[in-house]
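Accompanying notes for the structure given below.
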Amino acid sequence: MHLMDTAETPFNFFTVANLTRITNISAMTLSELLAGLEQCNDASIFHHTFQTLSSHHFLTEGFSNDFAQWVLADANRDALAEQLAALDIRDYSSLAALRADLCQLVRGFCKLHPEFACQSALEPFYFCESIEVALPLGLTATSLDEFRVGITHLSHSSFYFHFISSRLRLHLRTNDFSHWLADGLGLITLAENVNRIDIYTNTLDSARNKLLRLVDRERRKHDGSTDREPHPAR
Amino acid sequence: MTAVQTANRIPLDDYAAVVGAGEIEELRALARPLQGRRVEMVNSTAVGGGVAEMLNRLVPLAEDLGLPFSWDVITGGEDFFQVTKAFHNALHGAPYHPQPRDFDIFREYQQRNLHRLPLDAEFVIIHDPQPVGLIEDRTNGKNHWVWRCHIDLSHPNPAVWNFLHSYVSRYDGAIFSSPEFARQLPIPQYLFYPAIDPLAEKNRDLPPEFIANVLSRYQIDPLRPILTQISRFDRLKDPLGVIRAYRIVRRYFDCQLVLAGGSASDDPEGAQVLKEVHRAAEGDPDIKVLELPVWAPLEVNALQRASSIVIQKSLREGFGLTVSEALWKKKPVVASAVGGIPTQIIHKHTGLLAHSVEGTAYQIRFLLSHPEIAARLGERGHEHVKENFLITQNLRRYLTLFLSLGGAV
């Protein structure tokens, strides 16, 4: 398969909205946080990692997920906070794997420092969960030009839905945009470059601008040219 | 029936300049499956206080999306509002021993309002404890009822909460402004942040001359630091604590304090607190105690914009929308870590939190000494509000709730 001017399968842009549900689980100590992490449902893990990064995307200096923030600000355990913050959600295509790593870090810390495991934090951690509602926007793209237009129209949450949360749906370490650019248009390098944009050090606006710049560069590259990147054989 | 006619309409598309055209297009997409499905909002006052202010803007915007929203206000005598004010304070943890007569008065007015209000929309949203008993009228399965609690329920008076619990547990869901306020309930509990309207008179950009005029009218010196707390004259907002913090700061900085607010129509205690504040401020010409008319949004806006630092030293707080108002104006904020305030003030990222008079004074001194840090906090605070606490986000949350409850997706 070669690079296509138009993809056979269009990219369907979605709008997504999240409803936050408050659960009955809370934690006042690291031990309780561990218990909560073990027993909460996947929607809670999603809410406090994937979802919170979206709603705090403008904090590009040291905000990663709610667990790390609470351990830092309320439980006052900097080392564990750093370890939790270092988990990159882009490395996970399943919430089960992310939960396992979160649990492992907290469990390991509690084992190593049992004196801190039951120490009271300043404020409790409340486990919440996200209920995601996604609807088609009625906007599709079959070419790079149309794709660019669609990207500029997305809200922050929908951009995030396609760019970050998508890996949980795809079960791949990629995102909707890169997946379609590679599979639909055969633009492998562009897809890889898009997937490399760092969401932790960019706001959603700057990440989107970087993506648009990459798309524009690709459009210029192929303007009037017939050079095409080969799509790897399946 | 007391149906509220909302203020002048601002077309939803006007918000595109603030939040982006994409956000508005997506609100329209989310509203599409809900076209024509009716929503009824009920609260206890049409003017004064954050709830009325929010509904005044939310209802017209929802109508612009093609959703028939109505807003009704319950009525009650002085006896009713005295009871509900006592309930309000007790739910915030104030000492109170309710008498059986108090509960009777509460029930009696619920019954009277039941006969006056339609309560037949597909989605009925009841705001705060005053009208919570209207659930009595609910026919099971006919429509969706959700209780929107705007107040801090983290330490409620058990007698009052037990009484209200019997009503709340019959709803399809409850909405709180912070997870801390959620209670043990047999119904789903949702988290909705209250919101400000960036295009409302209270928040929109103002010409510098207007701000200068307001300062001149109230004899505030624009050349010296201005510390401001905007809120009702209510004990829970701790205006006397603010004066004490200001007096500590005054030892280090030649600054002024502005305490500005008005009394809501359901707040009979306001006059007494105002008197105490005047007494505490006596003899200090740099403390301006301004009793603003209920609708003086432009003056509030100007005072916030003119401020060097905005304070919100509440002892208890539902959410404290004045914090978001100040952050929207890129102001550094020093606020108490109570209620919904830590959601808005992420300590050292979007503002500074304090837990005491002394702590409040220290944080103010720190920001007056480090204006560059103050400016950075203000910038981040603005982004935080844009992402999470604007009315367009609130509308989005309601749409998501209706889609989720109504099975439209």
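Residue by residue along A:8-21, Cβ atoms of other protein chains within 10 Å of the local Cβ number 5 on average. Placing +1 on the Cβ of every Lys and Arg and -1 on the Cβ of every Asp and Glu, with no other charges, gives segment A:61-137 a dipole of roughly 300 debye about its Cα centre.
Only alpha carbons enter this Debye calculation for segment A:88-179, each as an equal point scatterer, and the log10 of I(q)/I(0) it gives at q = 0.16 Å⁻¹ is -0.83.
When peptides A:170-179, B:277-286 are ranked by their average number of other Cβ atoms within 10 Å per residue, the highest-first order is A:170-179, B:277-286.
For the protein assembly as shown, the spread of Cα coordinates along the three principal axes comes to 81, 62, 59 Å, biggest extent given first. Prolate is the label for segment B:318-409. Its Cα gyration tensor axes, ordered a ≥ b ≥ c, give a/c of at least 1.5 and a/b above b/c. Translational diffusion of segment B:228-326, estimated by Stokes-Einstein from the Kirkwood radius over alpha carbon pairs at 10 °C in a medium of 1.306 mPa s, is 116 µm² per second.
Which one, A:172, B:318, B:392, projects farthest toward the positive side of the charge dipole computed for the protein assembly as shown from Cβ point charges (K/R +1, D/E -1)? Comparing the listed Cα positions along the dipole, B:318 ranks first. Each label was represented as a point 7 Å from its Cα along the Cα-to-Cβ direction; for residue B:209 and residue B:366 these points are 4.1 nm apart. FRET efficiency for the pair residue B:138 and residue A:38, taken as 1/(1 + (r/R0)^6) with r the Cβ-Cβ distance and R0 = 51 Å, rounds to 0.85. Pairwise inverse Cα distances across segment B:300-343, averaged and inverted, put the Kirkwood hydrodynamic radius at 10.4 Å.
Shielding of peptide A:156-162 by partners, expressed as the average count of other chain Cβ atoms within 10 Å per residue Cβ, is 3. Going Cα to Cα from residue B:313, which lysines come in below 29 Å? Please leave out same-chain ones fewer than 8 positions away. Cross-link targets: B:85, B:202, B:237, B:275, B:288, B:329, B:330, B:331, B:348, B:386. Each 10 Å bin from zero up to the one holding the largest Cα-Cα distance in segment A:111-154 carries the following percent of pairs: 18, 22, 15, 14, 17, 14.
Over chain B, DSSP H runs of length four or greater, each weighted -39,500 (n - 2.57), average out per residue to a 222 nm ellipticity of -13000 deg cm²/dmol.
For the peptides B:392-404, A:202-214, A:108-120, what is the packing order when you average, over each peptide's residues, the other Cβ atoms within 10 Å and list the highest mean first? It would help to have the intermediate numbers written out before the result.
Numbers: B:392-404: 22.7, A:202-214: 17.2, A:108-120: 13.4.
Order by mean packing, descending: B:392-404, A:202-214, A:108-120.
With each label modelled as a point 7 angstrom along the Cα→C-beta vector, the residue B:292-residue A:198 pair spans 4.3 nm.
Work out the mean other chain Cβ neighbour count within 10 Å for the residues of B:22-33 and drop it here as an integer.
6
P(r) tail, chain B: Cα-Cα pairs separated by more than 32 Å, 34% of all pairs.
Secondary-structure-derived ellipticity at 222 nm for chain A, considering helices only, amounts to -13500 deg cm²/dmol, per-run term -39500 (n - 2.57) for DSSP H runs with n ≥ 4. As an equivalent ellipsoid, segment A:37-124 spans semi-axes of 20, 16, 12 angstrom, where each value is the square root of five times an eigenvalue of the C-alpha gyration tensor, largest first.
For chain A, the Kirkwood estimate of hydrodynamic radius, built from reciprocal distances between every pair of different alpha carbons, is 19.1 Å.
Placing dummy labels 7 Å off each Cα toward the beta-carbon, the span from residue A:216 to residue A:100 is 4.3 nm.
Over segment A:19-129, calculate the relative contact order: mean separation of alpha carbon pairs under 8 Å at least 6 apart, over the residue count, as a percent.
With pairs under 8 Å counted, the relative contact order is 49 percent.
Peptides B:297-304, A:129-136, B:313-320 ranked from most to least packed, by the mean per-residue count of other Cβ atoms within 10 Å: B:313-320, B:297-304, A:129-136. For chain A, the longest principal axis of the C-alpha atoms and the axis of helix A:30-39 are separated by about 50°.
Rounded, prolate or oblate: pick one for segment B:208-388, where a ≥ b ≥ c are the square roots of the eigenvalues of its C-alpha gyration tensor, a/c under 1.5 means rounded, and failing that, prolate if a/b is larger than b/c, else oblate. Rounded shape, in that the Cα axes give a/c under 1.5. Electrostatic bookkeeping for residue B:157 treats Lys and Arg as +1 and Asp and Glu as -1; over the other residues with beta carbon under 15 Å from its beta carbon, the sum is +1. Of the residues A:122, A:30, A:181, the one that moves most in a GNM of chain A with alpha-carbon contacts below 10 Å is A:122.
We did not get these values from a lab; they are worked out from the coordinates using the rules stated. Note that this is a predicted model, so its numbers are computed, not measured. All Cβ positions, even for glycine, are placed from backbone atoms using ideal geometry, and neighbour counts span all protein chains on display.
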